[in-house]
Structures are given as structure tokens and as C-alpha cells.
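Worksheet for the structure shown next.
The values are calculated or read from the model by the stated rules, or taken from the named source; none is laboratory data. This one's a predicted model, so the numbers in the text were calculated from it and none came from an experiment. A quick note on method: Cβ atoms are made from the backbone with ideal geometry, for glycine too, and the neighbour counts reach across all protein chains shown. The area values use the complete protein model at the heavy-atom level, side chains included, leaving out ligands, DNA and RNA. Shrake-Rupley method; radii C 1.70, N 1.55, O 1.52, S 1.80 Å.
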Amino acid sequence: MRDVSFGSYYPAKSFVHNMDARAKILISIAFIVAVFLVRSFHFLGFAACAFFVVLSAVTARIPFFKVIKSIRTILFFIVLSAVLQVLFNKNGTPLWEGGFITDIGLINAGFIVARITLVVTGASLLTFTTTPVELADGIESLLTPLKLIKLPVHEFALIMSIALRFIPTLIDETDRIIKAQKARGADFESGNIFKRLKALIPVLIPLLISSFRRADELADAMDARCYAGSKNRTKYKKMKLSYRDIIGFIVIAGLITGVVFLNKFYIVLAVGV
Amino acid sequence: MALLEVQNVSYSYEKNKPVLKNVSFRVEEGEHVAVIGHNGSGKSTLAKLLNALLIPASGTVTVDGFSSADKKSLFEIRKRVGLVFQNPDNQLVASIVEDDVAFGPENIGVKREEIKERIDFALSAVGMQDFLKASPMRLSGGQKQRIAIAGVLALKPKILVLDESTAMLDPAGRAEIAEVVKTLKKDGVTVISVTHYMDEAMTADRIFVLSKGEIIKTGSPKEVFSDRETLKAAELCVPLATSIADKLKENGVDVRGDVFTAEDLGAALCV
Ligand SMILES: Nc1ncnc2c1ncn2[C@@H]1O[C@H](COP(=O)(O)OP(=O)(O)O)[C@@H](O)[C@H]1O
Ligand SMILES: [Mg+2]
């Protein structure tokens, strides 16, 4: 199986694994808010957020390379946004006489890289330590109030957990199809971007067809196991907040306070200078 | 009354193209029946009719007294007839073994404490009790299929229908499933295995031969595999040991008696 770090559960026994999914979801959202609260030009706030990620990864017993790997999937996107910042930012002073790369451009690029990296690694920690079923149950529970306005919360949660469950399967399948097409002489590596995109069509179509077949079979298998929607359904996993979750909430509250404080502190510093 | 009764069942997906024609049979409690037939003969359609995934166009399917024509008995039938499909990847709904096995009991509203018991029971029945927290993606094909079987067993079915559940497995995986079937039979579960492997069919009490939507022969494995005419008509082959014995006979080796299994062959040659 090709290594798909983002979105796959990493089984381990840890403090974070044992936390309630709902708490972890809320903390992750709070973490993303914290990352976005960090002001431009202010990397100390990022350092605090990075410290939070490291702390969580250590407490969760997730090997560090796993966390780093989760960035790989969107590395292209990160590099692209950084390069665009560097190339097209017109503010600030040019680094050299008549040059188009400015100091602010570079700082902004670093800022974007830090922001995306932190958000992705933070989110990956949620999926590393929470099984898709827990995640779906957690979201279902958090969204329960929406059932009052007749939104299909249970169905939504189930669709999500099944989608997560099928990601590795479909990645495997994509790999197989690419190999099969290569064996027939398909060329994915040369030509310009349009040629390469076009080369993907013979991969996407079989993938689409097989996904429909899988969906069909899965539906039969679910029916065969008496699936009938959320009515009269029980839940095997019990959700219960524990002291762990309280500690988590305290830590994330500390982080947000810290970030806000550092933002203010920076202003004082800047005025002082 | 037999546990499972299929009476004059016909079914078609498209008009005027009947896939099953007037099929009738009964299966008694504790029996092991194998259904063999070439591709497209209607085996999967038959399997789906048995647990009310499909409802016969004409005729009736009755399980433990519940008719699949009656909408109200839908779940009573599905609880009693567990259906396992070919591709384990397309049957597992959850990313953790125990969550997947819990899916069926959750659906029928079993209480939490009992779900735990059922998970333990189902996983031990397939010998996967050590994989409670494992991720099915990291398991072998045979192990995945055992989890799929456990997911169905957690509903405590009386009848287990395996629709070519070994077709995508390697020989080791097939042996694992054969072992599971053996244990289940001992525990009194009625097993109906749809299969392409004649050696697998040999282990059943009775074999139904399906050809072009009709059951053209029913009988013990020995009866069925001795009837070369019928096998030919159904485009099926004989078990491996039988074909080896045939070749040996053709070449003048003295092979006495009927040979259907490796043991038969050994006995016939070593006397
Ligand atoms: N969902 C479907 N829609 C239309 N035709 C189908 C469908 N499923 C199966 N068939 C047709 O019904 C016949 C029997 O199929 P099936 O029961 O799957 O046979 P088997 O399992 O023995 O290979 C085949 O000719 C097949 O093309
Ligand atoms: Mg079939």
C-alpha cells in the first residue's frame, strides 16, 4: 500500500488517542483559529503553535516523520503559494537594485508556508489519533442540534466515515491503474501540463467506473447487514468527556491566549522601536 | 417445514430476459449446500434473492417461516440469512475491525453491552479475536474476508450465504475460509456456498448445479461429479483430483474406484 499519511489513523495507546473525539474536533478548530490569529510579521506566535503541534505529537506517540509526511500530499500547493508570493508581491523594498523580489514578499511567503504547514499538521494529528468512525460519531454528536431542523446529520456522518475508509482503497486502485496504463505504453511524465493532464484521463475513467461498482456492492453489503438509516439504531461506542479533554481544552485556551498576547506584545515592541 | 424454501422462483433484471427460471429447492437446518455454475448462470442473483436484497418476480422465498414478499419481514429475513460477497474491500464500512463488526448489531438496535458480546463471539468464530483494534486495510485478503464474515455473524444468522467469497483470495486465504466454514458447520450454522472451486464444492453435503438460470442437477458431490454429461452441459469441470485420475486412466494407470479428493486419489493409487 502506498503510504497515505494524511487522513489515515495511526493506532497507538496514548493520552490523545483516548480523548473524546468531540473534544479533539473542537480543539482542532480552536487550533486553526489560533494559527489564523497570528499576525503577519509575527513568527513568535507561529513558534507557539508549532510547539503545540510538537507537544500533541509527542503526547500522542505519533512518530515525527509521520507528521512531517502529512505535508507531502500538499507540498506542491505550499510551494506554489510561496513562489507566487515571492514573484508577485510588489510591496516592500527590493532585495537588490531593480529586483522584483522584495523583503515583504519573502516574509509573506514564509508566513504562508508556516500557516499552511501548521494547519495541515494540526489537522493530521486529529485524523492520526481518531478513527474515522469516532470522527464521524463526534461530528454527528456535535451537529445533533441540526437534526431539529431536519438536516440528515446521521447520513452525513456516515458518508464521511465511509469516504475516509475508502481513501486508501482508492489510492491503491489508482496506483494499479497507473501501472496498468504504463504497461500499455501510457506516458505520464513528459510533455507540458496539458499533455500530462490529458494523460490522466485513461486513469480517471476506469477509476470512476470501478468506484461506482464499489459503491453498488457496498450498498448491497450494507443492506445485507440490516442497515436502515438512523431509526432505532444503537451506538457501540460511548462518548464521554474525561479529565483528558479538560486538560486539552486548558492547553488550547492557553495557546490562544498566548497568541493574542504575543500579537499585542509585538505591537508594543514595534512602537517601542 | 424446511429452514429455507425456494418455490418456483423466477427473476429478471430486464424485461423478457429471465435470469432465474422457476427455481425450487429446500435447505434444512445445519445443511451445507454448494451452488456451482458458470459465469452469468444466475448464482449471485439467487444469493441476493435468499436474503431479500431482491424480491422474486414470481414464486416465493421463505426463511424460517418469513416470506420475502412480505415487506414487514424484510429485516427478519436479513437477520436470519447473512450474505457475504466476493470483494472484502467493498463490504467493510469501518476503518477499525471492531467498529465494522459492530455495524450490523447497531443497525438492528442491539444494546451496547450485547454488541460487545457479539463482537467477541463473531471474531472468535472466525479466529480474528486478536485483531479487535486493527485496521482492515493492513490485513491480508483472507483476514479481511474473515472480518467480513464476522460482520455478518454478529447478526447471529441461521444461514450463511457465501457468494464466491473465496474467488479473490490466494490458496492460503481460501484455506482460512474453508476452516471457518468447517467451524460454523459444527456450531450448527447452515451454510450455502456459491463457488467456482470444485474442490470447495466437494466439502458440501449437497450440490446444486445452476445453468442458464435453472437448477439442472441436485445431489451429493459424488453424484454430481460422476454425472459428466450434466457438468459438460453446465460448462463446469471436475475436481482437480478427479481430472488427474482421468488422465492417469487414459494413460493406462490402474486407478480403481471413484476419485473426488486428494485422499481418494492417494488411496486409489497406493493400494
Ligand atoms: N444489476 C443487474 N442488471 C442487469 N443485469 C444483471 C444485473 N446483475 C446481473 N445481471 C445479469 O444477470 C445474469 C446473471 O448474473 P449473476 O447472477 O451475477 O450470475 P453469476 O453470479 O452466476 O455470475 C447475467 O447475465 C448478468 O449480466
Ligand atoms: Mg456472481
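Scanning the range B:93-138 for residues that are touching a residue at least 40 places away in the same chain (Cβ under 8 Å), outside any helix (DSSP H, G or I) and more than 7 Å from every other protein chain (Cβ to nearest Cβ) turns up B:126, B:127. From B:90, B:8, B:39, grab the single residue that is on the phi > 0 side of the Ramachandran plot and either in contact with a helix residue (DSSP H, G or I) (Cβ under 6 Å, 6 or more places away or on another chain) or away from chain A (no Cβ under 13 Å) (or both). Among B:90, B:8, B:39, only B:8 is on the phi > 0 side of the Ramachandran plot and either in contact with a helix residue (DSSP H, G or I) (Cβ under 6 Å, 6 or more places away or on another chain) or away from chain A (no Cβ under 13 Å) (or both). Restricting the search to helices (runs of 4 or more DSSP H) fully inside the range B:179-265 and requiring at least 1 residues that are under 23 Å from residue B:25 (Cβ atoms), in contact with a Phe, Trp or Tyr (Cβ under 9 Å, 6 or more places away or on another chain) and free of Cβ contacts under 8 Å to residues at least 40 places away in the same chain gives B:221-226, B:228-233. Within the range A:220-252, the set of residues being within 7 Å of another protein chain (Cβ to nearest Cβ) and in contact with a Gly (Cβ under 9 Å, 6 or more places away or on another chain) comprises A:221, A:224, A:225, A:226, A:227, A:232, A:233, A:234.
Would you call residue B:203 open to solvent by 70 Å² or more (accessible area, probe 1.4 Å), away from ligand 2 (no atom under 16 Å from the Cβ), away from every other protein chain (no Cβ under 14 Å) and of a type in the set (Ser, Thr, Tyr)? Judged against the criteria, residue B:203 is a match. Tally the residues that are within 14 Å of the chain's Cα centre (by Cα), away from ligand 1 (no atom under 16 Å from the Cβ), more than 24 Å from residue B:63 (Cβ to Cβ) and within 14 Å of another protein chain (Cβ to nearest Cβ), restricting the search to the range B:146-200. Count: 0.
Might you let me know whether the range B:7-20 holds any residue that is touching an Asp or Glu at 6+ places or on another chain (Cβ under 9 Å), open to solvent by 10 Å² or more (accessible area, probe 1.4 Å) and charged (D, E, K, R)? No.
As a summary of the residue check, residue B:16 satisfies the conditions (1) of a type in the set (S, T, N, Q); (2) within 14 Å of ligand 1 (Cβ to nearest atom); (3) within 14 Å of chain A (Cβ to nearest Cβ) except for the one numbered (3). Just one of the numbered conditions (1) under 16 Å from the mean Cα position of the chain (by Cα); (2) under 20 Å from residue A:109 (Cβ atoms) is not true of residue A:84: (1).
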